[in-house]
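The values are calculated or read from the model by the stated rules, or taken from the named source; none is laboratory data. Source: prediction; values computed, not measured. Note that each Cβ is placed from the backbone with ideal geometry, even for glycine, and that neighbours are counted across all protein chains shown.
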Amino acid sequence: MDIICFLKIFNNFITECKRFYLQEVKLKDLRDKYPTCVLKKADINNVELGKYVSVLVGVSLQNCSISDHSYISVNSKISNCAIGKYCSIGPNVIIGLGPHPARGFVSTHPVFYSNNNEGCACFFRNDKIFNDKIPKTIIKNDVWVGANVIIPGNITIETGAIVATGTVVTKDVPPYAIVGGNPAKIIRYRFSKDQVNVLIDSKWWNWSKEKIAECIDSFADIRLFRTSLHERKN
């Protein structure tokens with residue numbers, strides 16, 4: 001091994017050590033700021049977390065807010081997204097992709113419309129003529145996103161929805177719908193319209209931990225839940 005090769009390997013090693021150290025410092029600061037949360041080894045930048053949020057190994061979060069009791073599973077990459085309470089985001093999920101021009105432009109490559117894109121090693125332009133900013137995604141409460149799902153951005157997934165494994169979501173998902181496929185299509189709804197209205201009106205995701213604990217058994221059956229709500233009102 002010659003000296004130039006050795007120096008390259010050594011410099012790469014030092015760079016990785018610095019990156020690891022800075023990541024650990026950032027995670028420590030976040031753990032101190034959000035003591036109820038579980039934050040594994042992840043790349044987290046510009047986030048707001050609620051209580052009891054879990055972020056697992058290999059996750060990348062950029063410009064996100066995640067509300068109480070939601071979790072992000074391993075190796076998911078999420079950008080510019082607001083996630084509600086009690087959401088379950090599976091492994092290898094991608095949320096938030098930068099757009100490319102599909103019409104009019106001769107090429108979809110960023111060098112032809114931007115002077116600043118991290119995917120480019122050089123640029124032909126000295127200005128930017130196409131907005132490739134990652135659009136906002138909104139995931140409301142009690143949403144389950146399965147493994148390997150892709151949500152490009154500018155999408156709203158309403159409360160109670162389920163997105164099946166491997167789905168590519170290209171349009172908004174209604175409350176308590178189960179969607180799957182590429183592009184996503186509604187497979188069925190989790191509950192009847194009346195039951196959906198009861199759940200949405202209850203806003204149970206905003207209940208205190210104590211209130212949920214008092215009627216935890218009713219969460220196993222929508223009929224018991226509905227009965228429990230009626231008894232509490234009377």
* To do: With the condition kept exactly as written, say whether any residue in segment 198-220 is touching a residue at least 24 places away in the same chain (Cβ under 8 Å) and surrounded by fewer than 15 Cβ atoms within 10 Å (Cβ to Cβ).
  => yes
* Structure fact -> By residue number, the members of segment 86-103 that are touching a strand residue (DSSP E or B) at 6+ places or on another chain (Cβ under 8 Å) and in a loop (DSSP other than H, G, I, E, B) are Cys87, Gly90, Val93, Gly96, Leu97
* Asked: Out of curiosity, is Thr137 closer than 30 Å to Glu231 by Cα, buried (at least 19 other Cβ atoms within 10 Å of the Cβ) and not assigned by TED's automatic domain parsing to the domain that holds Ala220?
  -> no
* Hits in segment 104-115 - residues which are surrounded by 14 or more Cβ atoms within 10 Å (Cβ to Cβ) and either in a loop (DSSP other than H, G, I, E, B) or assigned by TED's automatic domain parsing to the domain that holds Tyr71 (or both) -> His109, Tyr113, Ser114, Asn115
* To do: Select from segment 166-190 the residues that are surrounded by 14 or more Cβ atoms within 10 Å (Cβ to Cβ) and in contact with a Gly (Cβ under 7 Å, 6 or more places away or on another chain) and list them in ascending order.
  => Thr167, Pro175, Tyr176, Arg190
